[in-house]
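The values are calculated or read from the model by the stated rules, or taken from the named source; none is laboratory data. Please read these numbers as outputs of a predicted model, since none were measured by experiment. Cβ atoms come from the backbone with ideal geometry, glycine included; neighbour counts cover every protein chain shown.
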Amino acid sequence: MSPMHCAATFLRRLLDPEDLGWNVTPEVRTGVRQVLSAIQFDARRLYIAGPMTGLPEYNYPAFRQTAAALRASGFEVACPTENGLPADAPWIDHMRVNISRLLTCSAVAVLPGWEASRGAQIEVNLARGLGLSVQPAQAWIEAARKEFVADDEADNEIEFNSYAQHQSG
């Protein structure tokens, strides 16, 4: 994990005082948000691609649930349901906005059924053509979980070694 990602993970935790059990003032929260917005993470910004047209509620519940799970896993997410357009806006308008948002990402998380979606196929083909990684959303979540566990184990090893050195000294 890069030092920038470590710092951002810590800063994100500051925004959730229950996560660390700290009381964080609104001023600190504002400052943390400003710092986070200034940091760019190449491998941590994902675009979600999946089927919408012809599905109940344009599949918004699945997109929202996936976006929440990815964010909880530490990713920054560009979700097509959050593009500012009404759900029933013309397809081409959604594609224009969403493709511009895809171009700000470094990877794509796909939802089940994306292969049957004309829009998602276009997004995935563009992403692959640009050399971006494309994986199922669940794969990104599992990878982040494994990364977190590995980092936590490394942190525990460092703390143990530091404690052992202090006790022997």
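Within the group Phe63, Phe75, which residue is more than 19 Å from Glu147 (Cβ to Cβ) and of a type in the set (A, V, I, L, M, F, W, C)?
Working: Phe75 fails: more than 19 Å from Glu147 (Cβ to Cβ).
The conditions single out Phe63.
Take the range 51-100 and flag every residue that is in contact with a strand residue (DSSP E or B) (Cβ under 6 Å, 6 or more places away or on another chain) and part of a loop (DSSP other than H, G, I, E, B).
Across the range 51-100, the qualifying residues are Phe75, Cys79.
Within the range 101-124, track down each residue that is small (Gly, Ala, Ser) and in a helix (DSSP H, G or I).
The answer is Ala116, Gly119, Ala120.
Would you mind stating whether Ala150 is at pLDDT below 95, exposed (fewer than 14 other Cβ atoms within 10 Å of the Cβ) and not acidic (Asp, Glu)?
The answer is yes for Ala150.
When both residues are 6+ apart or on different chains and their Cβ atoms are under 8 Å apart, which pairs have a first residue that lies in the range 100-111 and is under 21 Å from Ala62 (Cα atoms) and touching a residue at least 40 places away in the same chain (Cβ under 8 Å), and a second that is surrounded by fewer than 17 Cβ atoms within 10 Å (Cβ to Cβ) and of a type in the set (Ser, Thr, Tyr)?
Going by the 8 Å Cβ cut-off, the qualifying pairs are Ala107/Ser133; Val108/Ser133.
Say whether the condition of being outside any helix (DSSP H, G or I), among the charged types (D, E, K, R) and free of Cβ contacts under 8 Å to residues at least 40 places away in the same chain is met by at least one residue in the range 125-143.
Checked against the condition, which is being outside any helix (DSSP H, G or I), among the charged types (D, E, K, R) and free of Cβ contacts under 8 Å to residues at least 40 places away in the same chain, the range 125-143 yields no hits at all.
The conditions are (1) modelled with pLDDT of 95 or more; (2) surrounded by 13 or more Cβ atoms within 10 Å (Cβ to Cβ), and Gln65 fails exactly one of them. Which is it?
(2)
Considering only residues that are in contact with a strand residue (DSSP E or B) (Cβ under 9 Å, 6 or more places away or on another chain) and among the polar types (S, T, N, Q), look in the range 116-144 and name the one that is surrounded by the most Cβ atoms within 10 Å (Cβ to Cβ).
Ser117
From the set of residues in the range 30-51 that are at pLDDT 65 or above and under 20 Å from the mean Cα position of the chain (by Cα), which is surrounded by the fewest Cβ atoms within 10 Å (Cβ to Cβ)?
Arg45
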